[in-house]
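Taken together, the values in this text are just the output of simple stated rules run on the coordinates, not laboratory data. Keep in mind the model is a prediction, meaning the values are calculated, not measured. Because the Cβ atoms are built from the backbone with ideal geometry, glycine has one as well, and the counts that use them run over all protein chains shown.
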Amino acid sequence: MNTILESAEMRDVPEEGATAPDLKAQWLDYLARATCPANGLKDIAVPTREVILGDWLMQGDLGFIYGPRGLGKTWLAMLLARRCAEGGMVANWTTPKPRRVLYVDGEMPLDGIRARDAALASGPDAPVFYLQHEALFYTTGQVLNLTDLTVQAALLAKCKQDGIEVLFLDNLSCLFAGIKENDANDWEKVLPWLLELRRERIAVVFIAHAGRNGLMRGTSRREDAAFWIIHLAPVQDAGEVQTGARFVARFVKNRNATEATCPPMEWQFVKPDGEALARVTFKMVSTFQLFRQCLEDGLTGATDIADEMGISKGQVSKMAKRGIKEGWLKKDGRDYGLTGQA
């Protein structure tokens, strides 16, 4: 039986000072031990990835939460971090057991993080930890830059040492200084580290900004290794939210689950003055409702709507036919428009 050892201490390490021929021979041995015929795949002993939240967040995942600046990404990310650490429910998703969570913040002031964490807590204690950029600077005089390979290695070692199972990185542009966002090759400074975290079964959740086109800012190569991506969009006629956030969150990529278990949701976070806890509410939103919202937001072309919703133009066409049949949508050449009917 082929066996892949679970412990890093038990794995073979190439001998220090080994010559090139020695290393080649060692690697030939490694490759021989790890290669098997198709009918032998079932005999390879690799631990099954455990579910962390719902059926969409699993051990070793790489995921992204992105949206416009100031819309509520940190509210949602901190809620997910808290519930992963506490166990229980968030929206319609169950956390089977509490997990040790590390939330790395590179943007907000410390008092803002402190206030939001307290507002989202459902109990006095939970295995969630914060590595906060202001706290790091005032404690050590150091600035956190995860582009630095030494810092990457240190954070990975800390996660292993502390038994961290979920790592939140808020946000990509603040924590990874020096990377050109649109340069695919620059992402290679980060990807090997993320793959190391995956091999250690540590789930990584990135918080990122949307560009002016509504898509996640930066090179699309980042999305290749992602298991899931959540896009946050404003709610039509939401008004100004003074003490929280309101948005629609939907999966534009999801390898682990389907839309049936991960439908679009409208979230609202309200923190009334004088109250300790935030009020968090959510409701399901259908894809067809999101399609109509795109029209109401001024999108008219099938390609633009498909890109905004993360679906195919064929799906847009099917929903457009339904809208035309219901009387509130019309087609003008290649564009769609509202008829003014309810």
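Structure above, values below:
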read-out	value
Proximal lysines relative to residue 325, as straight alpha-carbon distance under 28 Å, when same-chain residues fewer than 8 apart are discounted	283, 313
Residue exposure sequence - 231, 209 - by fewest surrounding Cβ within 10 Å	209, 231
Which labelled figure in (1) 188; (2) 364; (3) 140 is volume of the Cα convex hull per residue in Å³, once derived from the coordinates	(1)
Residue exposure sequence - 312, 317 - by fewest surrounding Cβ within 10 Å	312, 317
Equivalent ellipsoid dimensions for the range 288-338 as semi-axes, Å, which come from the Cα gyration tensor, largest first	14, 11, 11
All Cα pairs of the range 118-162, percent lying beyond 12 Å	72
P(r) tail fraction, the range 177-249 - alpha-carbon pairs more than 18 Å apart, %	52
Exposure proxy ranking, count of Cβ atoms within 10 Å, fewest first, for 297, 170, 117	297, 117, 170
Scattering profile of the range 210-342 at q = 0.10, 0.12, 0.20, 0.22 Å⁻¹ [log10 I(q)/I(0), Debye over alpha-carbon scatterers]	-0.39, -0.56, -1.26, -1.38
